[in-house]
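The values are calculated or read from the model by the stated rules, or taken from the named source; none is laboratory data. Being a predicted model, the structure only gives us computed values, none of them experimental. No Cβ is skipped: glycine too gets one built from the backbone with ideal geometry, and neighbour counts run over all protein chains shown.
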Amino acid sequence: MARVEFKHVVKEYHDEKRGTFTAVSDSNFVIEDKEFVVFVGPSGCGKTTSLRMIAGLERQSSGDIVIGDKIVNSLHPKDRDIAMVFQDYALYPHMTIKENLSFGLKNLKRPKEEIEKKVQDASNILGLSEMLDRKPRELSGGQRQRVAVGRAIVRDPQVFLFDEPLSNLDAKLRVQMRVELSELHKRLGATIVYVTHDQVEAMTLGERIVVMNKGSIQQIASPAKLYNEPQNMFVAGFIGSPAMNFMDARIAGGKAQLEGVAFSLSDAMAKALQPYEGQELTLGIRPEHIYDEYYAEKMGVSKENTMQATVQVIENLGAETLLYFRVGSRMVTARVNPETDVRLGQMMTFVFDRSKMHFFDPKTEQRIV
Ligand code: ATP
C-alpha cells in the first residue's frame, strides 16, 4: 500500500533576514494508494517544500509523515522507496541514456539481468529504445524528460514524486507530455505526487488537487469540485482561466444589488444569503458564465440577470473572444462566442447566468454559496 499521509506537518526555516519563517503550516492530507495528486499554488506557497519532505530531502519541523504503513520521519531518502523526477531532469551528461537509466539500480547492486530487463521495459514504455546509446545532449527536451521519468520507473518505487517536470518544455511539448504522463499513470498504477504552479496542468493531470497559498492548504478536491465549489476566493480566483470575476454586491430584499442593477437569486441562494441581508458581499462569476444577449438565448440561459455596459477591451483568441467591461471599480471579463458582432466602445447587454453565481464573505473570503 503506497499511501502518503501528512499529520500536522510544519516546516519552519530560520534565516537572519526573515527570522523564523513558516514555509508549510499545519499540513494535513491523505494521498490514497494509486492516486495521482497534484500540488498547485503560486511561487513560494510551499509546494516544493511539501514534496521534499515526502522525499526526505527536507526534515519537517514537527508532525508525522506516513508512507505506506510506516512513519518515515527519520528515514533516509533512499530508504523511503520513492523516486523523484526533478524540473532540470538531473541526468548525468557524460553517461549514455542506458547508463543513466541503469545507474540507480547498479548502485543498489541489483543483478545484471534484472537491470537489463527493467531498462528494456522502461525504454519500451517511454519510446526510448532507439536512443539508449546516445548522450543526453543528443536528445530533445521532451526525450530527456522521458529519460528522467524512466530513471524513476526502473526503481519501481512505492511513490513517484514529480517537481515541475514539464516547466522546461515548450507549450506544445508540455501538452503532449501531459497526455503521456496521464497514460503512464494508468499503466503503472502507481501513486504519484506532482507539483506545479500551472493550474491547467493541475486540472488536467490530477485526480485530486491540493491548492496551496502562503504555506497553507486552501482546499483538497477533484478538479470539477474545485471549479464548481471553490472553498474561498483564493481557490476561486486561482483555478480557471481567465480568472473568476469578483464584484461588490449588497444583499437587499432577497436580491443582489450592484451598480444600479438588482440580480435575482435562485431560491436556494436566497435562503443561504438570508443571514447577510443588508450586507456587502463579493459576487463571483466566471467569464464563461457571462453571455452576450443573443448567445444566451441560443443556449437557453435564463435572462433574468442582465447588465448594460460599455466594452472597453476586446481580445480575439480565435476559438473565443474576451470582452472587458467595468462594473464599479472592477474590470470584468466575459468569454463570448467569437462570432459575436462587437465593436470597441459599444454598449452591450451582458447576461449573467444566475445558476453560476457565487457569493463570498469579503472579510473571511470564504464562499457562502
Ligand atoms: P516555487 O514554485 O517558486 O518553487 P514553492 O511553492 O515550491 O515555489 P517552496 O520552494 O516550497 O515554494 O518555498 C516555500 C517558502 O519557503 C518560500 O518562501 C521559500 O523562500 C522558503 N524556503 C524554501 N527553502 C528554503 C531554505 N532552504 N531556507 C529558507 N527558506 C526557504
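Each row is one residue, and each column tells you yes or no for (1) outside the structural domain of Thr204 (by TED's automatic domain parsing); (2) of a type in the set (S, T, N, Q); (3) on the phi > 0 side of the Ramachandran plot.
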{"position": "Asp81", "(1), (2), (3)": "no, no, yes"}
{"position": "Leu91", "(1), (2), (3)": "no, no, no"}
{"position": "Lys106", "(1), (2), (3)": "no, no, no"}
{"position": "Ser123", "(1), (2), (3)": "no, yes, no"}
{"position": "Ala148", "(1), (2), (3)": "no, no, no"}
{"position": "Ala152", "(1), (2), (3)": "no, no, no"}
{"position": "Arg174", "(1), (2), (3)": "no, no, no"}
{"position": "Glu180", "(1), (2), (3)": "no, no, no"}
Picked from segment 36-85 (must be of a type in the set (Val, Ile, Thr) and assigned to a helix (DSSP H, G or I)), the residue farthest from the ligand (Cβ to nearest atom) is Ile54
ask   = Is it the case that some residue within segment 155-170 is under 17 Å from Asn124 (Cβ atoms), away from the ligand (no atom under 16 Å from the Cβ) and in contact with a helix residue (DSSP H, G or I) (Cβ under 9 Å, 6 or more places away or on another chain)?
value = yes
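Tell me whether segment 232-248 contains one or more residues that are over 21 Å from the mean Cα position of the chain (by Cα) and either aliphatic (A, V, I, L, M) or under 28 Å from Val179 (Cα atoms) (or both). Talk me through it step by step, then tell me what you get.
Let us first name the residues in segment 232-248 that are over 21 Å from the mean Cα position of the chain (by Cα), namely 247-248.
Filter once more, keeping what is either aliphatic (A, V, I, L, M) or under 28 Å from Val179 (Cα atoms) (or both): 247.
Within segment 232-248 (the criterion being over 21 Å from the mean Cα position of the chain (by Cα) and either aliphatic (A, V, I, L, M) or under 28 Å from Val179 (Cα atoms) (or both)), the answer is yes, since at least one residue qualifies.
What do you reckon, is Ala236 modelled with pLDDT under 95, out of contact with any Ser or Thr (no Cβ under 6 Å at 6 or more places or on another chain) and surrounded by 20 or more Cβ atoms within 10 Å (Cβ to Cβ)?
Working: modelled with pLDDT under 95: no; out of contact with any Ser or Thr (no Cβ under 6 Å at 6 or more places or on another chain): yes; surrounded by 20 or more Cβ atoms within 10 Å (Cβ to Cβ): yes.
Spelling it out, it is not the case that Ala236 is modelled with pLDDT under 95, out of contact with any Ser or Thr (no Cβ under 6 Å at 6 or more places or on another chain) and surrounded by 20 or more Cβ atoms within 10 Å (Cβ to Cβ).
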Note on Tyr13: of the conditions (1) under 29 Å from Gly240 (Cα atoms); (2) within 12 Å of the ligand (Cβ to nearest atom); (3) not small (Gly, Ala, Ser), unmet is (1)
Result of the Cβ filter at 8 Å on segment 187-208, keeping first residues that are at positive phi and partners that are more than 15 Å from the ligand (Cβ to nearest atom), at least 6 apart or interchain, is Gly189/Lys34
Inspect all residues belonging to segment 297-310 and state whether any of them is in a strand (DSSP E or B), farther than 27 Å from Gln366 by Cβ, among the hydroxyl-bearing types (Ser, Thr, Tyr) and out of contact with any Gly (no Cβ under 9 Å at 6 or more places or on another chain). yes
Those residues of segment 337-360 which are modelled with pLDDT of 95 or more, touching a helix residue (DSSP H, G or I) at 6+ places or on another chain (Cβ under 9 Å) and either assigned to a strand (DSSP E or B) or surrounded by fewer than 16 Cβ atoms within 10 Å (Cβ to Cβ) (or both) amount to Met348, Thr349, Phe350, Val351, Phe352, Lys356, His358, Phe359, Phe360
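For segment 179-204, how many residues meet the condition of being away from the ligand (no atom under 16 Å from the Cβ), under 13 Å from the mean Cα position of the chain (by Cα) and buried (at least 17 other Cβ atoms within 10 Å of the Cβ)?
Number of matching residues: 1.
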Across (1) at pLDDT 95 or above; (2) under 26 Å from Glu229 (Cα atoms), Gly300 clears everything bar (1)
